[in-house]
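Q: The following block contains the structure, expressed as structure tokens.
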Amino acid sequence: MNTQPSIEERLWDYIDGRSSQDEIITIERLIENDEEWKATYRKLTGMNEALHLTELEQPSLRFTKNIMEKIAAFSISPKAITYINKKIIWSIGAFFILVITSLLIYAFTRVEWSANGKTSLPFNPGNIHVENLFNSTYLYIFMMVNVVLGLMLLDKYLQRKKVKHESQGQI
Amino acid sequence: MQTGLNDTELISRILLGEQQLYEQLIRRYQDYVFTLTFRVIKNREDAEEVAQDVFIKAFRSLNNFKGLSKFSTWLYAIVHNTCITFLRKKELEIYSMDNENIFAKVNSQHSPFDANELEQKARIAMANKAIGLLSQDDAEIITLFYKAEQSLEEISNILCIETNAVKVRLHRARIRLKEKMEKHFAEEVKDLN
């Protein structure tokens, strides 16, 4: 695969002012002495000039007025960062920490600590009976708390959606 | 009403409640935004609708403009995303480089190359028509670079691609533009030499 930049590529860099000082000197010498470089340079500068001079399209006369009429019904949205309720973030964080901690405790207590008959821990993890912590009552409480949290988040989401729809309907 | 305020000053005052000043921002950028949408969407009515949508979106999100880039760069990113969304929704025919039908359309229009027209005007018209023959991606990058006067770094922010990729895309777009010019406007291209 040829990775050498072509004449045109080098000339475009030169025209755009992105060539290094050494490259500028080399290219200027080539344009002066090499017919192919000279012809290509002329063509590209002509094209470059035409592109710079192309005129902008203009929208209809009512363009600005239309937009101003439409935005009259809108207010500027608050910064995205302010949508995010910090309490929700903290709740989600706390939930995950709780889940991870519970899983770690559960995992540690399932380890066969008596393999070498000794433990360096100040207590015997084998005596902790996780089954008692994860009995149906605790599990139901845990699930209920999560369901309530989920419903609260859903409610907030639906409220926000309703407000958004109402503001759009005002146009 | 022109107050001579720069973009940042205008935005600060709009955010403080002077909503009517937004009109100045629209007037300042409407031709650039419309040219971009028109060159990408290639239909005047749709382009105008999308351009209006861009300014409405920009107004509603003005609070999120952090001033880390130029306002124009931020605005053109909205143009890019809105055009993409529009094209996906409408499933518009994307004009390819080799679509000869477009050339037929161009030829069916009134030719601007009258004998007594200034040479420069002919060149500009040719460049405009040749851009019209490009694919939406090529037309967009050419317009951003030449008309919207965005640097490669700014275009990379607008299109969410690496600066090197922008450089490559721009180079390829220029090659294709040159090919279009040579193929369809051979006589005018001779004048470029």
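Read-outs throughout are calculated quantities, based only on the coordinates presented, and are distinct from any laboratory measurement. Keep in mind the model is a prediction, meaning the values are calculated, not measured. Using ideal geometry, Cβ is built from the backbone for each residue, glycine included, and neighbour counts are taken over all protein chains shown.
Q: So for region B:5-82, averaging the separation of alpha carbon pairs under 8 Å that are six or more residues apart and normalising by length, what relative contact order in percent results?
A: On the way: 48 pairs, mean separation 23.8, N = 78.
Once normalised by length, the contact order is 30 percent.
Q: Taking R0 as 30 Å, what FRET efficiency do you get between A:Arg18 and B:Asn63 from their Cβ-Cβ distance, rounded to the nearest 0.05? Each step should come with its number before you reach the end.
A: Values: r = 36 Å, r/R0 = 1.19.
After rounding to 0.05, the efficiency reads 0.25.
Q: Still on this structure, I have one more. Provide A:Asp155, B:Asp138 in ascending order of the number of other Cβ atoms located within 10 Å of each residue's Cβ, fewest first. Write out the running numbers ahead of the final one.
A: Working: A:Asp155 10, B:Asp138 22.
By the 10 Å Cβ count, ascending, the order reads A:Asp155, B:Asp138.
Q: Note down the nm distance, to one decimal, between modelled labels 7 Å out along Cα→Cβ at A:Met152 and at B:Gln20.
A: Inter-label distance under the simple model: 4.6 nm.
Q: Starting from the Cα of B:Lys90, move 7 Å in the Cα-to-Cβ direction to define the label point; list residues of region B:39-57 whose amide nitrogen is under 15 Å from there.
A: Once the point is set 7 Å along Cα→Cβ of B:Lys90, B:39-54 turn out to lie under 15 Å by backbone N, inside region B:39-57.
Q: In whole Hz, what ³J(HN,Hα) sequence does region A:13-29 give by Karplus (6.51, -1.76, 1.60; θ = phi - 60°), x for Gly and Pro?
A: Per residue, the Karplus-derived 3J(HN,Hα) values read 4, 5, 5, 6, x, 10, 7, 6, 4, 5, 5, 4, 4, 4, 5, 4, 5 Hz.
Q: Find, among the trypsin sites (Lys or Arg not before Pro) in region B:10-77, those assigned to loop by DSSP (not H, G, I, E, B) with at most 12 other beta-carbon atoms within 10 angstrom. Don't skip to the answer; put the middle values down first.
A: Working: sites: B:Arg13, B:Arg27, B:Arg28, B:Arg39, B:Lys42, B:Arg44, B:Lys57, B:Arg60, B:Lys66, B:Lys70; in loops: B:Lys42, B:Lys66, B:Lys70.
Those that pass, being in a loop and sparsely packed, are B:Lys66.
Q: Zone of A:Glu8 (label point 7 Å along Cα→Cβ, backbone N under 14 Å): which residues in region B:143-178?
A: B:168-178
Q: Ok, one more. B:Ser135's amide H: which non-local residues (gap 5+, or another chain) put their own amide H closer than 5 Å, with H modeled 1.01 Å from N in plane and none for Pro or chain starts?
A: B:Met97
Q: Just rank A:Met143, A:Met68, A:Met47, fewest to most, by other beta-carbon atoms within 10 angstrom. Please report the intermediate quantities before stating the final value.
A: Working: A:Met143 10, A:Met68 16, A:Met47 22.
Listed from fewest to most nearby Cβ atoms, that is A:Met143, A:Met68, A:Met47.
Q: Could you give me the ³J(HN,Hα) list for region A:45-53, computed from phi with Karplus coefficients 6.51, -1.76, 1.60 and θ = phi - 60°, whole Hz, x at Gly and Pro?
A: 5, x, 5, 4, 5, 4, 5, 5, 8
Q: Per-residue HN-Hα couplings for region A:85-92, Karplus 6.51 cos²θ - 1.76 cosθ + 1.60 at θ = phi - 60°, whole Hz, x for Gly and Pro?
A: 6, 5, 4, 5, 4, 5, 4, 5
Q: Moving on to the next point. Between A:Glu28 and A:Val99, how high is the FRET efficiency from 1/(1 + (r/R0)^6) when r is the Cβ-Cβ distance and R₀ = 41 Å? Nearest 0.05.
A: Values: r = 68 Å, r/R0 = 1.65.
Efficiency, rounded to the nearest 0.05: 0.05.
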